[in-house]
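Here's the structure we're looking at; comments come further down.
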Amino acid sequence: MADEPLLDLNTLIKRSTIDLDGTRYELFSPDELSVLASHRFSVWARRIEVLNKRDDEDDAVELDALIGKAARAALVDMPDEVFDTLTGAHRAAVTDVFIGLLLRKQLAVVGATVRAAGVQPTGATSSPGSSDIMAATRDGGWLKRLRRWFGRI
């Protein structure tokens with residue numbers, strides 16, 4: 001296991017794509033987002049989750065606008081006239097897929113952090129002689145925080 005890297009970083013950007021009426025459009029890669037843009041998507045994702053649980057007309061208008069904003073920001077070079085033809089369901093699908101890509105990347109970082117801390121999937125530590133304090137049940141840490149931030153995992 002010592003030969004296995006904690007993180008597999010790549011400077012080569014690989015973008016996922018979507019097809020719309022036979023034309024392929026790219027989504028930004030989570031690796032190419034700035035810290036601010038990544039944070040912005042996290043905030044939007046949490047707000048979308050909250051609004052999805054409500055049944056108010058004003059919330060529905062805000063939800064539609066927010067999903068449109070997130071979908072627009074996730075797409076690389078889709079012309080405005082093409083984007084305007086997308087239905088709310090199309091925009092929601094683009095937003096969900098992109099947020100899923102962000103979550104996958106962030107979970108990889110969480111996994112690397114857990115491995116670096118020497119915690120095994122069972123919650124045990126990698127050092128057999130650890131103290132009783134370390135044997136206490138963990139409160140969830142990063143994974144719990146991710147669940148709170150994104151409300152999707």
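The values are calculated or read from the model by the stated rules, or taken from the named source; none is laboratory data. Here the structure is a predicted model, which is why all the values come from computation and not from measurement. Cβ: placed from backbone, ideal geometry, glycine included. Neighbour counts: every protein chain shown. Just so you know, the surface numbers come from the protein's heavy atoms only, side chains and all, with ligands and any DNA or RNA stripped out. Shrake-Rupley method; radii C 1.70, N 1.55, O 1.52, S 1.80 Å.
Points worth noting:
- Magnitude of the charge dipole, region 45-89, Cβ model with Lys/Arg +1 and Asp/Glu -1, debye to 20: 320
- Between amide H atoms placed 1.01 Å from N, distances below 5 Å from LEU20 occur with TYR25, all of them 5 or more places distant or on a separate chain.
- Largest accessible area first, the listed residues THR23, THR95 line up as THR23, THR95 when surface is computed with a 1.4 Å probe on the assembled protein chains.
- All other residues whose Cβ lies under 14 angstrom from that of ARG115 are scored, Lys and Arg at +1 and Asp and Glu at -1, for a net of -3.
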